[in-house]
1. In percent, how large is the relative contact order of segment 18-250, given Cα pairs closer than 8 Å and 6 or more residues apart?
2. Treating only the Cα positions of segment 81-185 as identical point scatterers, give the base-10 log of I(q)/I(0) from the Debye formula at each q in 0.15, 0.16, 0.21 Å⁻¹.
3. At 1.4 Å probe size, put 113, 289 in order of accessible surface, largest to smallest.
4. From the Cα gyration tensor of segment 117-171, with a ≥ b ≥ c the square roots of its eigenvalues, which class applies: rounded if a/c is under 1.5, or else prolate if a/b is larger than b/c, or else oblate?
5. Given a Förster radius of 30 Å and the C-beta distance between residue 183 and residue 274 as r, what FRET efficiency does 1/(1 + (r/R0)^6) yield to the nearest 0.05?
6. Given labels modelled 7 Å from the Cα in the Cβ direction, how far is it in nm from residue 157 to residue 110?
7. Roughly how many Å² is the accessible area per residue of the chain, as a whole number, for a 1.4 Å probe?
8. Counting other Cβ atoms within 10 Å, which chymotrypsin sites (Phe, Trp or Tyr not before Pro) in segment 1-99 have at most 15 and lie in a DSSP loop?
Amino acid sequence: MAHDVVDLRSDTLTLPTPAMRDAMARAEVGDDVWGEDPTVQRLEAMSAALMGKEAGLFLASGTMGNLVSVVAQTTPGQEIVLDADSHIFNYEVGGAAVVGNVQTRPIKTERGFLSPAQVAEAIRPSNVHIPITGLVCVENTHNRHGGTLCTPEEISAVAAVAHRAGVPVHLDGARLFNAAVALGRPTREFAAHADSVTFCVSKGLSAPVGSVVCGTREFIARARRVRKMVGGGMRQVGVLAAAGIVALEQMIDRLGEDHANARRLADGVAALPKIRIDLARVQTNIVIFFVDRPGGADELVAGCLARKIKIHAIGPASIRCVTHKDVDDADVERALEALAEITRTW
Ligand code: TLP
């Protein structure tokens, strides 16, 4: 069935599948703060297995997963090292600073990924004047860099440098399954050298709510306390975890379709006038492009909206489109036709 509105603003806009709604309605539940929700426990165990970790913890969002991971692995006054375009630094309302009382050390990178040399340089020496480096964060795939991905080997190289200095590593894998599918590698290989990893079931995997953080049993016990502290202890939350289980069972392999659609969208966009796009960065389900015309990004957003196509301006001259299960081939064609029409006179 054709979609009335084509929504390319984010993969967070995916609607739950009928199988998810069915699983939610039937979910066996209990009070999860009391450790009595069997459906949550099943999702956490499945997640831990997929990430090759001892334990998992279901949370409300990727933001909460990152916050809990930062707080559980640092002490106030420490510094966390991350990419300057990372989600934690840009889009999480300063939670690491406000709740975690840590200082962020943002570092500019080419594709969103710190090199081992950058990490080595950023880790602080022991000195009475200087904050202690408490955590290194990696984001894969990388949102602001346009869904770029890094390999398990790249993560391992960065983690080796951090670990040599006694610093743990957190992997913000909100879209880790996109990287795994794109590279044909299991998620546990990406997570292997990270001390904590968060992934979201609410993005391309299409569940309505939720993320899971995984790590050692000891880390998860600490993370559980922090989750409670920030108000994230939920009760009969198996109704949400049930959709997450369906997401992991049924929605991973199809992410390749989203990547193919993003590629077609990007190739079409590259042919438009006054548009700049780096096609090499289109590696998963995100397409970012730049508009070389004053007010052009707003014109594109408004022109698309008038044609029932939603795209997102992430800056005064930049647009982000994200493909997902509620965007099909015909929708990509519709979006490209709309963009061609709007830019025809440019
Ligand atoms: N990203 C959202 C917005 O917040 C920008 C989106 O539409 O892409 N890490 C990464 C890499 C993310 O892209 C996001 C969400 C999160 C963490 C936070 O997840 P939620 O939205 O569940 O808090």
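1. It comes to 32 percent, rounded to a whole number.
2. Values returned for q = 0.15, 0.16, 0.21 Å⁻¹ are -0.60, -0.68, -1.14.
3. Numbers: 113 25, 289 0 Å².
In descending accessible area the options line up as 113, 289.
4. Prolate.
5. 0.35
6. Distance between label points: 1.0 nm.
7. Values: 14470 Å² over 346 residues.
For the chain, the per-residue accessible area is 42 Å².
8. On the way: sites: 34, 58, 89, 91; in loops: 91.
Here the sparse-neighbourhood loop sites are 91.
The values are calculated or read from the model by the stated rules, or taken from the named source; none is laboratory data. Keep in mind that what you see is a predicted model, and the values were worked out from it rather than measured. Backbone-built Cβ (ideal geometry, glycine too); neighbour counts: all protein chains shown. Protein only, heavy atoms only, side chains kept; ligands, DNA and RNA dropped before computing areas. Shrake-Rupley method; radii C 1.70, N 1.55, O 1.52, S 1.80 Å.
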